[in-house]
Amino acid sequence: MQYLGVSYDMKHIPKLDPGFIPFGVWTKSYLEGAKQPLAIAVERDQGHISVRHTFIHGTPEMKDADYRYVERTVKFLLWSIGGFKVYICGNSEIAQKLAAAYSVNGERAFDYDFFQKLYERELQIIDLPLDQCPASNETPKPIGGHMDGCRIGFDAGGSDRKVSAVIDGECVYSEEVVWHPKKNPDPTYQYEGILDSFRTAASKMPRVDGIGVSSAGVFIGNAPMISSIFYCVPRDRWDEVKTVFDRAAAEIGDVPIVVANDGDVSALAGAMGMNTGNLMGLAMGTSEAVGYVDKDKNVLGWISELAFAPVDLNEDAMQDEWSTDFGVGCKYFSQDAVNKLAPRAGIELDESLTPAEKLKVVQGLMEQDDPRAQQVFEDIGIYLANALMQYNQFYDIECLMLLGRVMSGKGGDTILRVCKEVLADEFPALAAKVNVTLPDEKTRRVGQSVAAASLPEIRK
């Protein structure tokens, strides 16, 4: 197989998506002939800088491949690490082309706008000579694992909110409440729901020593900068959003509160339950949610929004409606992946159904051992093995814990089985390194809200 003059090999091709071009596999082949050094540095909040040293071909005939490689790598770095400055060190032509793409009217206008809102400053692509590449400045930080005292753990989901009262690591009370934060433009609604859950949990304990919050979105400190539960809130009320958790906590008392991305808290729950580090949690549900803790069970301070990071270079791949890009993770590791592949397998889905209802139809067929549904989940297993090979180039992964409603039932078992088979056949070194698994019973018992409760270090 060949793409942009680069030949690459794949033993396992998704039968329902034969045009799939895995970014990681193609990159490996591309780099075999690349000799011209290039560095990409990404700067985010508090002066943190991540640097990736790589190579391009730098020849006229490989011009398109060079740009495609660098552009997709920059896209991946932005959505895995986050940042408001990208330094391209060693090739002015590519830097200038990227600067045009990441602009208000450029091909990557969505990304430009997103990161501008996230960091409240303009996203810049900066051209530098190779020898002026900024130095790396990474500071992984501990996350949670504190079990002492009386704690509130809160998980803010898009359709329900869960809260737990936890005393010395034991959950003494837990409740789940349906709410509709995505439909409410007035942040008072979210604030009152959060405060109600806090108060309920507080009433079940003699005191409150700390509060931990798990929520979808990107946070700077405890401030949601981008969050789906505030989807409809206008930007002119965002100051209320940024203080919503701190204000609710203050009503409970002068206690420490820590807010973290729900993907990172899932990874923390896995690390606590399995007592291991270098763990990535990947949840396949409405979208793709990812979290990661390093060997010391620290978080990197990265945003890890891999739902919008590229995994497929096929220019005819399914488009993500929100980010407008093609071949990004949310269309491969979510209910959208199942619903994309099902019609290609000959499964007719009623278009009046919601995406979640369509998933249930395919999962129902899978429980009946329908060969069409079987093929859908086998292909997702192939996607996953190839993406893991790519993700491991950016994260040091020794355990991949799979979560989310797509992983339930026989379909999830098939994804797991095929992923392991493809890893063993195509990427044996990676197969020997990474344990791909579902949460065990201990991890399930820890749970999202209990793991969230462990986030703050309480005052002695």
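So, counting K/R as plus one and D/E as minus one, what does the shell of residues with Cβ under 13 Å around Asp246 add up to?
-2
Determine the sum of side-chain charges near Val258: Lys and Arg each +1, Asp and Glu each -1, restricted to other residues whose C-beta is under 12 angstrom from that of Val258.
Neighbourhood net charge equals -1.
Any idea what angle helix 23-32 forms with the longest principal axis of the chain, computed on alpha-carbon atoms, 0 to 90 degrees, nearest 10?
Value to nearest ten degrees: 40.
Relative to the longest principal axis of the chain, what angle (0 to 90°, nearest 10) does the C-alpha long axis of helix 109-119 take?
40 degrees
Kindly write out, for the stretch 77-82 in residue order, the coupling ³J(HN,Hα) from the Karplus curve 6.51 cos²θ - 1.76 cosθ + 1.60 (θ = phi - 60°), rounded to whole Hz, with x marking Gly and Pro.
Along the stretch 77-82, the couplings run 5, 4, 7, 8, 8, x Hz.
Grab the Cα-Cα distance for Asn298 and Glu175, subtract it from 0.36 nm times how many residues apart they are, and report the gain in nm with one decimal.
41.4 nm
For the stretch 311-397, state the semi-axes of the equivalent ellipsoid (square roots of 5 times the eigenvalues of the alpha-carbon gyration tensor), sorted largest first and rounded to whole angstrom.
In descending order the semi-axes read 24, 16, 11 Å.
What net charge do the residues around Glu107 carry, taking every other residue with its C-beta under 15 Å from that of Glu107, with Lys and Arg at +1 and Asp and Glu at -1?
Local charge sum for Glu107: -2.
What percent do you get for the relative contact order of the stretch 16-132 when only Cα pairs under 8 Å and 6+ apart count?
Result for the stretch 16-132 is 25 percent.
Quick one: angle between helix 409-426 and the longest Cα principal axis of the chain, in degrees between 0 and 90, rounded to 10, please.
40 degrees
Amide H of Val436 versus every other amide H placed in the peptide plane: which residues, excluding those fewer than 5 positions away on the same chain, fall under 5 Å?
Excluding prolines and chain starts, which carry no amide H, the hits are Leu400.
Report, for the chain, the % of DSSP beta bridges that are antiparallel, rounded to 5.
Expressed as a percentage, antiparallel bridges in the chain total about 65.
Could you state, as a whole-number percent, how many of the C-alpha pairs of the stretch 16-132 are farther apart than 16 Å?
So the portion of pairs separated by more than 16 Å is 60 percent.
No value in this document is a laboratory result; all are computed from the given coordinates. What you are looking at is a predicted structure, and each value in this text was computed from that prediction instead of being measured. As a convention, Cβ positions derive from the backbone with ideal geometry for all residues, glycine included, and neighbour counts pool all protein chains shown.
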